[in-house]
Amino acid sequence: MTGADALAPARPFRVTVYASSSEHIDPAYMQVAEQLGRRIADRGWDLVWGGGRFGLMGAVSRGARAAGGRTIGVILQQFVDKNVHCEQATEMATVHDMRSRKRGLDESGDAYVALPGGLGTLEELLEILSFKQLGLHRRPVVVLDALGYWQPLLQMLDKGFAEGFIQPQFRGLYVVAADADAAVRCIAEAPPWSPGAIAARGGGTG
């Protein structure tokens, strides 16, 4: 057995989605996010996300709920106080600092998808990739390159590989998907991750 079925625990499989909370973006991004939520729910998977109701965060959770899916949020108390949280979540964990929030998002997921986003989303994506590189988890990571948003980052990573800053065996740390259908398919068909040993000296892990 391969892919998500082989990774699935006794509870429903959970996909953590990192995403922007901005409302000042092209509506086409919202459509992609909402479709991703729907596709996650269509698979019978749970959505784990940052708990917000605005921007792509809100869109992905609306899509999952519209398709009958469960949504599990992890959000800062200060955002609840500002009333930017989603009140329709199946579950909502409230934490008091960003490290706890990120840990909750990371540890709750059996796979990860990065939608377009700003500094917070970028940090979350790079951290979960770094953790996988270090062998702290073996879960699928999908970069959903909607409208080509992530191309500059992907080019930078390619440069890191080409110039020896990242070891070649880590090419499989992530996969790139152009749309929501491809993203969930990448998760479902993900092969087991086994990168081999990190070079003891000059390994290119940071």
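Of the residues making up segment 134-192, those that are part of a loop (DSSP other than H, G, I, E, B), free of Cβ contacts under 8 Å to residues at least 60 places away in the same chain and within 13 Å of the chain's Cα centre (by Cα) number 2. On inspection, residue 127 passes the criterion of being over 22 Å from residue 24 (Cα atoms), at pLDDT 95 or above, within 16 Å of the chain's Cα centre (by Cα) and among the acidic types (Asp, Glu). Residue check: residue 27 meets all listed conditions (1) modelled with pLDDT of 95 or more; (2) under 17 Å from the mean Cα position of the chain (by Cα); (3) farther than 16 Å from residue 184 by Cβ but one, namely (2). I'd like to verify a number: residues in segment 123-161 that are among the charged types (D, E, K, R) and buried (at least 16 other Cβ atoms within 10 Å of the Cβ), how many? Counting residues in segment 123-161 that are among the charged types (D, E, K, R) and buried (at least 16 other Cβ atoms within 10 Å of the Cβ) gives 4.
Does at least one position in segment 82-91 carry a residue that is within 26 Å of residue 145 (Cβ to Cβ) and among the polar types (S, T, N, Q)? Checking segment 82-91: not a single residue is within 26 Å of residue 145 (Cβ to Cβ) and among the polar types (S, T, N, Q). Where helices (runs of 4 or more DSSP H) sit wholly within segment 1-99, those with at least 3 residues that are surrounded by 17 or more Cβ atoms within 10 Å (Cβ to Cβ) occupy 3-7, 27-42, 55-66. For segment 109-122, the candidate set comprises residues that are under 11 Å from the mean Cα position of the chain (by Cα) and either surrounded by fewer than 24 Cβ atoms within 10 Å (Cβ to Cβ) or among the polar types (S, T, N, Q) (or both); within that set, the residue that is nearest to residue 32 (Cα to Cα) is 121. Taking segment 162-193 on its own, how many of its residues are of a type in the set (Val, Ile, Thr) and surrounded by fewer than 20 Cβ atoms within 10 Å (Cβ to Cβ)? Count: 2. Candidates in segment 165-189 are the residues that are at pLDDT 95 or above and of a type in the set (Gly, Ala, Ser); of these, the one that is nearest to residue 113 (Cα to Cα) is 183. When each of 117, 135, 104, 109 is tested for being within 16 Å of residue 18 (Cβ to Cβ), modelled with pLDDT under 95 and not basic (Lys, Arg), the lone residue that passes is 104.
The values are calculated or read from the model by the stated rules, or taken from the named source; none is laboratory data. Treat the numbers as computed from the prediction; the structure is a model and nothing was measured. Neighbour counts run over all protein chains shown; Cβ positions are idealised from the backbone, glycine included.
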